[in-house]
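A quick write-up on the structure given underneath.
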Amino acid sequence: MVFAKNNSFLRYLEEKKAANERPDLIEVAWDTTAPATQVHVEWLDEGFNTRGRHRVYGRCDYFDGVGGDRTFNMDIWKARNGCLLMQCWSKWSEIDGRSFEITGVDVSAIPARDKGHGQTDSWIPKDVREAYENWIYEEFC
């Protein structure tokens, strides 16, 4: 679905929001099905410093022609104590970033990065994926 003008896109979003429906074109293409892991994702009021943390996952989703070309990014970081923190961010100044703490993930089950291959999302639980997708949706609306 391509919109000729920004106004038609905004009307489309307003209609979907009024009907309590998620827009079809705002869909994150995950490579795998989410594992059946119960986790807790808590929104942090303030961001966090990545110093001393190890990046265990990252992705960028690009939405072409959806109210302007926009990219949305998600990075997950592991602290030395095993705590997982997620940053949702974009280079676009109109988009507000968001940070989360993720608890309940077995960090030993996170696959090691394989040089030359992309990172797998096979370990990313449903609740984490939904937090990222909801952030994208909220930034569009």
Review point. Is at least one residue of the range 76-86 surrounded by 19 or more Cβ atoms within 10 Å (Cβ to Cβ), part of a strand (DSSP E or B), in contact with an Asp or Glu (Cβ under 7 Å, 6 or more places away or on another chain) and not aliphatic (A, V, I, L, M)?
Key: no
**Study point:** Selection count where residues are among the β-branched types (Val, Ile, Thr) and within 12 Å of the chain's Cα centre (by Cα), scope the range 114-132
**Key:** 2
**Study point:** Residue within the range 62-75 that is basic (Lys, Arg) and either within 11 Å of the chain's Cα centre (by Cα) or loosely packed, with under 14 Cβ neighbours inside 10 Å (or both) present
**Key:** no
Check your understanding: Restricting attention to the range 28-56, and to residues there that are assigned to a loop (DSSP other than H, G, I, E, B) and hydrophobic (A, V, I, L, M, F, W, C), which single residue is nearest to the chain's Cα centre (by Cα)?
Key -> VAL28
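Rule-based calculations on the coordinates, nothing more; no lab input. This one's a predicted model, so the numbers in the text were calculated from it and none came from an experiment. Here the Cβ is made from the backbone with ideal geometry for all residues, glycine too, and neighbour counts use every protein chain on show.
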